[in-house]
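Okay, so here's the structure we're looking at.
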Amino acid sequence: MKIAVLPGDGIGPEIVAQAVKILKALNLNLEMTEAPIGGAGYEAAGDPLPDATLKLAKESDAVLLGAVGDWKYDKLERHLRPERGLLRIRKELNLFANLRPALLYPELADASTLKPEVVSGLDLMIIRELTGDIYFGQPRGISTLENGEREGINTMRYTESEIRRIGRVAFDIAMKRNKKVCSVDKANVLETTELWRQVMIELSAEYPEVELSHMYVDNAAMQLIRAPKQFDVMVTGNIFGDILSDEASMLTGSIGMLPSASLDANNKGMYEPSHGSAPDIAGKDIANPLATILSAAMMLRYTFNDEANALKIENAVKKTLAQGYRTADIATEGCKKVGCNAMGDAVVAALQ
Ligand code: IPM
Ligand code: MG
């Protein structure tokens, strides 16, 4: 099994090192090869997604990614910026289905900014479409009008086949969970999402056991804070999913806890924490590696069909939390506060 390991920028290298440590400790037959992406790709090859990195990713069974981005690249031409490397690899590998579970570990109920009774027991799966929508739609750009004023353009668009294939992922996953899908759109204003809603309704005929509901994205943002436990599976487009998954992460105490999987039609996948590169804390050994470690668990589950070892990692994370280990972002009074590396060691120890 070949894994492309792409640490990226900011805290990326430190958190990925912990996930690699855990995978090695499991003694699986994994061949892991590192390559640069994002700002690191730009430094190494003048491209946020160097050809060699893309080639490696295409030849591998799965990709483990840290994070990309750093303010120091904000002045670069748009196509050279780190985020473009990430968007391109998602598109090139056809990773249209982004799974972002928001699971509250009981030990972290106090770390959430919401009341424990609102979030305890939370187990929500956000399914975000990842290769379409306003992120990729043409035309796009900034141009100058005849009157000299500048205008920015992006285009929200979805074809019905794109909507149907992400809908299928959501319904299939709901069948293995509590059989509830909430489709999030803005069908009262945006035609693209009016079509989204129609296709979801059509598709639901194939899944009579699943209860389909619809919610406008503004209401969904509110309901996530008001009563998040009403949701089982949420399915939505690229930009709404970007925003709602950050929001959902805070229900679980810290964005440092949220893993993600981005899958193609054959379950080849890229696995990355839902959080960003946090350049302000990079290199200080204080970042939370658990989202990346949990992403490695998702990799074993979804790409390598190895549920046993996925659970082993997840249970080790639970045990580590139960033992009181906390990184700074989830620290509470009386906990054992540790850095990124020590947290990785604690999870390795808990694997035994
Ligand atoms: C995410 C990130 C990315 C996105 C950025 C870094 C391009 O916010 O994975 O959620 O918007 O998709
Ligand atoms: Mg985001």
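The values are calculated or read from the model by the stated rules, or taken from the named source; none is laboratory data. Remember, predicted model here, so these are calculated numbers, not experimental data. Cβ coordinates were reconstructed from backbone atoms using ideal geometry, including for glycine residues, and neighbour counts include every protein chain displayed. These area figures cover heavy atoms from the full protein model, side chains too; ligands, DNA and RNA do not enter into them. Shrake-Rupley method; radii C 1.70, N 1.55, O 1.52, S 1.80 Å.
If you check LEU64 against the conditions, is it touching a strand residue (DSSP E or B) at 6+ places or on another chain (Cβ under 9 Å) and open to solvent by 60 Å² or more (accessible area, probe 1.4 Å)?
Here the answer is no, as LEU64 does not meet what is asked.
Select, from LEU244, LEU258, LEU251, the only residue that is away from ligand 1 (no atom under 11 Å from the Cβ) and not acidic (Asp, Glu).
From the options LEU244, LEU258, LEU251, the qualifying one is LEU251.
In segment 300-323, how many are in a helix (DSSP H, G or I) and either within 16 Å of ligand 2 (Cβ to nearest atom) or not aliphatic (A, V, I, L, M) (or both)?
Of the residues in segment 300-323, 10 are in a helix (DSSP H, G or I) and either within 16 Å of ligand 2 (Cβ to nearest atom) or not aliphatic (A, V, I, L, M) (or both).
Give the residue that is nearest to TYR158 (Cα to Cα), with candidates limited to residues of segment 196-222 that are surrounded by 15 or more Cβ atoms within 10 Å (Cβ to Cβ) and β-branched (Val, Ile, Thr).
Ranking the qualifying residues of segment 196-222, first place goes to VAL199.
If ILE225 satisfies all but one of (1) assigned to a loop (DSSP other than H, G, I, E, B); (2) open to solvent by 10 Å² or more (accessible area, probe 1.4 Å); (3) within 18 Å of LEU108 (Cβ to Cβ); (4) of a type in the set (A, V, I, L, M), what's the number of the condition it fails?
(1) is the only condition that ILE225 fails.
Of all residues being among the hydrophobic types (A, V, I, L, M, F, W, C) and more than 12 Å from ligand 2 (Cβ to nearest atom) in segment 251-279, which is most open to solvent (accessible area, probe 1.4 Å)? Just the residue, please.
Result: ALA265.
Within segment 321-330, track down each residue that is among the aliphatic types (A, V, I, L, M) and either open to solvent by 60 Å² or more (accessible area, probe 1.4 Å) or without any contact (Cβ under 8 Å) to a residue 40 or more places away in the chain (or both).
ALA322
Counting only residues that are surrounded by fewer than 21 Cβ atoms within 10 Å (Cβ to Cβ) and closer than 23 Å to VAL317 by Cα, which one in segment 229-250 is nearest to ligand 2 (Cβ to nearest atom)?
Across segment 229-250, the extreme among qualifying residues is ASP246.
Working only within segment 37-56, note down all residues that are surrounded by 23 or more Cβ atoms within 10 Å (Cβ to Cβ) and either on the phi < 0 side of the Ramachandran plot or without any contact (Cβ under 8 Å) to a residue 24 or more places away in the chain (or both).
Selection gives ILE37, GLY39, ALA40, GLY41, TYR42, PRO48, LEU49, THR53.
When only residues in segment 242-253 that are more than 16 Å from THR113 (Cβ to Cβ) and touching a Leu at 6+ places or on another chain (Cβ under 8 Å) count, which is modelled with the highest pLDDT?
Result: LEU244.
Would you check if there is a residue in segment 336-350 being assigned by TED's automatic domain parsing to the domain that holds LEU65 and more than 27 Å from GLU34 (Cα to Cα)?
Yes, the conditions are met somewhere in segment 336-350.
So ASN94 passes all but one of these: (1) under 30 Å from ILE163 (Cα atoms); (2) outside any helix (DSSP H, G or I); (3) at pLDDT below 95; (4) not basic (Lys, Arg). Which condition number does it fail?
If we test ASN94 against (1) under 30 Å from ILE163 (Cα atoms); (2) outside any helix (DSSP H, G or I); (3) at pLDDT below 95; (4) not basic (Lys, Arg), just (3) comes out false.
How many residues, within segment 273-316, are within 16 Å of ligand 1 (Cβ to nearest atom), without any contact (Cβ under 8 Å) to a residue 40 or more places away in the chain and more than 12 Å from VAL347 (Cβ to Cβ)?
Count: 1.
Could you check, for segment 100-113, whether at least one of its residues is aliphatic (A, V, I, L, M), closer than 23 Å to THR252 by Cβ, within 16 Å of ligand 2 (Cβ to nearest atom) and buried (at least 20 other Cβ atoms within 10 Å of the Cβ)?
Looking through segment 100-113, at least one residue is aliphatic (A, V, I, L, M), closer than 23 Å to THR252 by Cβ, within 16 Å of ligand 2 (Cβ to nearest atom) and buried (at least 20 other Cβ atoms within 10 Å of the Cβ).
Have a look at GLY256, GLY283 and point out the one that is among the small types (Gly, Ala, Ser) and modelled with pLDDT of 95 or more.
None of the others qualify; the one that does is GLY283.
State yes or no: is ALA297 at pLDDT 95 or above, part of a helix (DSSP H, G or I) and either touching an Asp or Glu at 6+ places or on another chain (Cβ under 8 Å) or not basic (Lys, Arg) (or both)?
Considered against the rule, which asks whether it is at pLDDT 95 or above, part of a helix (DSSP H, G or I) and either touching an Asp or Glu at 6+ places or on another chain (Cβ under 8 Å) or not basic (Lys, Arg) (or both), ALA297 comes out as yes.
Could you list, in sequence order, the residues of segment 109-163 that are outside any loop (DSSP other than H, G, I, E, B) and among the hydrophobic types (A, V, I, L, M, F, W, C)?
The answer is ALA109, ALA111, VAL118, VAL119, LEU124, MET125, ILE126, ILE127, ILE134, ILE142, ILE153, ILE163.
In segment 294-305, what residues are more than 18 Å from the chain's Cα centre (by Cα) and surrounded by 18 or more Cβ atoms within 10 Å (Cβ to Cβ)?
PHE304
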